[in-house]
Amino acid sequence: MKITNYIHTRNLRGDLFGGLTAAIVALPMALAFGVASGAGAIAGLYNAVILGFFAALLGGTPTLISGPTGPMTVVMAAVIVTFTNKYPGPEGWAISFTVVMMAGLFQILFGVLRLGKYITLMPYTVVSGFMSGVGFIMLILQIPPFLGQEGVQGVVKTLAALPGFVSNASPPEVGLGALTLALLFLTPPRVSRTVPPQLIALVLGTLISATLLSGQLEVVGNIPAGLPEFYLPTFSGISGGDLQLMVINALVLGMLGSIDSLLTSIISDSLTQYEHNSNKELIGQGIGNMLSGFCGGLPGAGATIGTVINVQVGATTAISGMFHAVTLLVFVFVAAPLTQMVPLSVLAAIALKVGIDIIDWSFLKRAHRLSIKAAAIMYGVMLLTIFVDLIVAVGAGVFIANVLTIQRLSDIQAKNVKVITASDDAELLEHEEKLLLEKVKGKVLLIHLGASLSFGAAKAISQRHSMIGQYKVLILDFTNVPTLGVTASLAMEKMVNDALKQGLDVYVVGSSGKVEDRLQKFDILGPIPDKHQMDTLRDALHDVVENHQEMLATPTA
């Protein structure tokens, strides 16, 4: 199966069937995410249509299916609650959708700056904790509609009100929700490969609602057909603090959507053997999300389930993603009124299943066995995500993970700064070099440097600094150093200058290319005689033995 980034009709049948099947899968998910966000079912449909079409047309992954996703929905729900409470009426909604447009703009910026290959380099412990936290948030917030109750804002308030929700639960709502969950979990694979269980649950739940339980259930209600209400970007009358909050939320949505989309693109690559264009994909996703916000739609990203199904059915080009969007558009214009009888408990159950799937159960169960530090970061990010704030959680997690990574790198680099003072310590040296080192009778301090040296090695270099006064000669061996960082260079400069002030002869060995350029820029080589700048350690030791016998014979101060 040949995958191409160009649109052509060579595999039209496979693309059309792939897009149609993906649309069938996307429909119940879009409705569920729209309701879960607080913007209404139509907001989920608008995103699936607009983002789905433009991300396919302009993106860099031919078989990617895009639409609203669980993590993006949770973040957007918090955005809507925040700004509709602060700015009641149409203004709050306009601000919320402006955040979606800003998120799309950030994604375009990421693509233009060619940051695609860096977006997914976030520590797995942070991603796992964040995604699991989002999954638990979705689970908790869907409990009230699953029980037939009107939800409250926020996780903490929902948990506090949980006893009341349970005691006032509506048996018909709970029964239909439980039936939906049973269908989602227990539908045999041979059936789910043909008909998505979400669609089975949606159709069956709606039929039961309209016939056996008519008037007893909370339903979606009327969904407006036709063109959406358009929202222009709104910034006037917004306080500086709220404007800053808009930017931060937009950045989080942009980053989350980018990570989600590019990870799905990688999955698509593994299925199709096609290498996606990350930067082009980010631009396509950004344009789609900007237009989605303009039309009152949710933010979205590449959807893993829809993409996998699209490829499995036989899609090979972007036509599949565009046809998926057109199919949903037809539904919006023609069949949207049919969804007014969809029970909210059915959509809540679908969202519950999504929440369960988002949680990284595999890593949750074994993180503590793999690494206590990794487990602490993952659980910390998860708890902060659930009970404090998604932005704080990601920021704290990335900061702590990077600090620990820097510490590990520093420890590794410190091991590459090895002090050799006698042949007994010289396991890194060749036989002849060991013999020469024996002849200098412990009067030579040889510092063997290995691998790239950055700020992590500076502390180790400074610690060796105090040993200078015990020796007559200092040899710095750069033979195995490909790059030298600024901080390490400064530490090296101080060591060389102090050694020269104390009357030591300093030799530099094996510096070349970038390392030699860096040493020259810091004027570290300037005070060292040219005859003491040598290509090999053997040459330097020979020179010390031959020309410094008198100095080496005198006792060390």
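The values are calculated or read from the model by the stated rules, or taken from the named source; none is laboratory data. For clarity, every value in this text was computed on a predicted model and none was experimentally measured. In this analysis, Cβ positions are derived from the backbone assuming ideal geometry, glycine residues included, and neighbour counts consider all displayed protein chains. What goes into the accessible areas is simple: the full protein's heavy atoms, side chains included, and nothing from ligands, DNA or RNA. Shrake-Rupley method; radii C 1.70, N 1.55, O 1.52, S 1.80 Å.
Identify all residues within the stretch 70-79 that are at pLDDT 90 or above and open to solvent by less than 10 Å² (accessible area, probe 1.4 Å); write none if there are none.
Passing the criteria: 72, 73, 75, 76, 79.
Name the residue, out of 252, 332, that is in contact (Cβ under 8 Å) with a residue 60 or more places away in the chain, open to solvent by less than 10 Å² (accessible area, probe 1.4 Å), under 22 Å from residue 33 (Cα atoms) and in a helix (DSSP H, G or I). Show your work before the answer.
Working: 252 fails: open to solvent by less than 10 Å² (accessible area, probe 1.4 Å).
Exactly one residue qualifies, and that residue is 332.
When you scan the stretch 351-367, how many residues do you find that are in a helix (DSSP H, G or I) and either of a type in the set (Asp, Glu) or over 25 Å from the mean Cα position of the chain (by Cα) (or both)? Please lay out each step first, then the result.
Pass one, the stretch 351-367, residues in a helix (DSSP H, G or I): 351-358, 361-367.
Keeping just the survivors that are either of a type in the set (Asp, Glu) or over 25 Å from the mean Cα position of the chain (by Cα) (or both) gives 357.
Summing the residues that are in a helix (DSSP H, G or I) and either of a type in the set (Asp, Glu) or over 25 Å from the mean Cα position of the chain (by Cα) (or both) in the stretch 351-367 gives 1.
How about the stretch 429-473: which of its residues are within 20 Å of residue 512 (Cβ to Cβ) and open to solvent by 80 Å² or more (accessible area, probe 1.4 Å)?
430
How do the pairs read when you match residues in the stretch 213-238 that are over 14 Å from residue 173 (Cβ atoms) with residues anywhere that are among the polar types (S, T, N, Q), using Cβ under 6 Å and keeping only pairs 6 or more apart or on different chains?
As it stands, the answer is 221/340; 222/340; 223/339; 233/98; 234/98, since those pairs meet every condition given.
Residue check, residue 114 against (1) modelled with pLDDT of 90 or more; (2) part of a helix (DSSP H, G or I); (3) open to solvent by 10 Å² or more (accessible area, probe 1.4 Å), all met but one. Which one?
If we test residue 114 against (1) modelled with pLDDT of 90 or more; (2) part of a helix (DSSP H, G or I); (3) open to solvent by 10 Å² or more (accessible area, probe 1.4 Å), just (2) comes out false.
Which of the numbered conditions does residue 238 fail, given that it passes all the others? Conditions: (1) surrounded by 13 or more Cβ atoms within 10 Å (Cβ to Cβ); (2) under 20 Å from the mean Cα position of the chain (by Cα); (3) over 20 Å from residue 112 (Cα atoms).
(2)
Being β-branched (Val, Ile, Thr), within 19 Å of residue 466 (Cβ to Cβ) and not in a helix (DSSP H, G or I) is the filter here; which residues of the stretch 496-523 pass it?
Filtering the stretch 496-523 down to residues β-branched (Val, Ile, Thr) leaves 496, 506, 508-509, 515.
Going one step further and asking which of them are within 19 Å of residue 466 (Cβ to Cβ), we end up with 496, 506.
Scanning the stretch 496-523 gives a single hit, 506.
Any residue that is of a type in the set (A, V, I, L, M) and surrounded by fewer than 19 Cβ atoms within 10 Å (Cβ to Cβ) - is there at least one of those in the stretch 274-289? I'd like the intermediate steps shown before the answer.
Taking the stretch 274-289 and keeping what is of a type in the set (A, V, I, L, M), we get 282-283, 287.
Filter again for surrounded by fewer than 19 Cβ atoms within 10 Å (Cβ to Cβ), leaving none.
No, there is no match, as no residue in the stretch 274-289 is of a type in the set (A, V, I, L, M) and surrounded by fewer than 19 Cβ atoms within 10 Å (Cβ to Cβ).
Just checking, how many residues over the stretch 474-503 are open to solvent by 50 Å² or more (accessible area, probe 1.4 Å) and of a type outside the set (Asp, Glu)? Before you say what the answer is, go through the steps one by one.
First, pick out the residues of the stretch 474-503 that are open to solvent by 50 Å² or more (accessible area, probe 1.4 Å): 479-480, 482-483, 486-487, 490, 493-494, 497, 500-503.
Now restrict to residues that are of a type outside the set (Asp, Glu): 479-480, 482-483, 486-487, 490, 494, 497, 500-503.
Number of matching residues: 13.
Name the single residue, out of those in the stretch 297-315 being in a loop (DSSP other than H, G, I, E, B) and open to solvent by 10 Å² or more (accessible area, probe 1.4 Å), that is modelled with the highest pLDDT.
Step one: filter the stretch 297-315 for residues in a loop (DSSP other than H, G, I, E, B), giving 297-300, 303, 314-315.
Going one step further and asking which of them are open to solvent by 10 Å² or more (accessible area, probe 1.4 Å), we end up with 303, 314.
On the way: 303: 88, 314: 84.
The selected residue is 303.
Can you name the residue in the stretch 368-396 that is without any contact (Cβ under 8 Å) to a residue 60 or more places away in the chain, more than 18 Å from the chain's Cα centre (by Cα) and within 30 Å of residue 245 (Cβ to Cβ) and is also least open to solvent (accessible area, probe 1.4 Å) among such residues?
Once the filter is applied, the top-ranked residue is 376.
Anything in the stretch 196-233 that is open to solvent by less than 60 Å² (accessible area, probe 1.4 Å), assigned to a loop (DSSP other than H, G, I, E, B) and out of contact with any Asp or Glu (no Cβ under 7 Å at 6 or more places or on another chain)? List them, or say none.
Listed by number, the residues that qualify are 196, 213, 220, 221, 223, 225, 226, 228, 231.
Between residues in the stretch 337-352 that are closer than 14 Å to residue 179 by Cβ and residues that are in a helix (DSSP H, G or I) and among the aromatic types (Phe, Trp, Tyr), which pairs lie under 8 Å by C-beta distance while being six or more apart or on different chains?
From residues that are closer than 14 Å to residue 179 by Cβ, the pairs are 345/146; 348/146; 349/146; 352/146.
What about residue 148, is it touching a Pro at 6+ places or on another chain (Cβ under 8 Å), surrounded by 13 or more Cβ atoms within 10 Å (Cβ to Cβ) and farther than 26 Å from residue 69 by Cβ? Steps first, answer last, please.
Details: touching a Pro at 6+ places or on another chain (Cβ under 8 Å): yes; surrounded by 13 or more Cβ atoms within 10 Å (Cβ to Cβ): yes; farther than 26 Å from residue 69 by Cβ: yes.
For residue 148, the condition - touching a Pro at 6+ places or on another chain (Cβ under 8 Å), surrounded by 13 or more Cβ atoms within 10 Å (Cβ to Cβ) and farther than 26 Å from residue 69 by Cβ - is met.
Out of the residues in the stretch 335-367 that are of a type in the set (Val, Ile, Thr) and under 30 Å from residue 400 (Cβ atoms), which is most open to solvent (accessible area, probe 1.4 Å)? Spell out the reasoning first.
Applying the first criterion (of a type in the set (Val, Ile, Thr)) to the stretch 335-367 yields 339, 342, 346, 350, 354, 356, 358-359.
Those left that are additionally under 30 Å from residue 400 (Cβ atoms): 354, 356, 358-359.
Numbers: 354: 17, 356: 48, 358: 28, 359: 7 Å².
The selected residue is 356.
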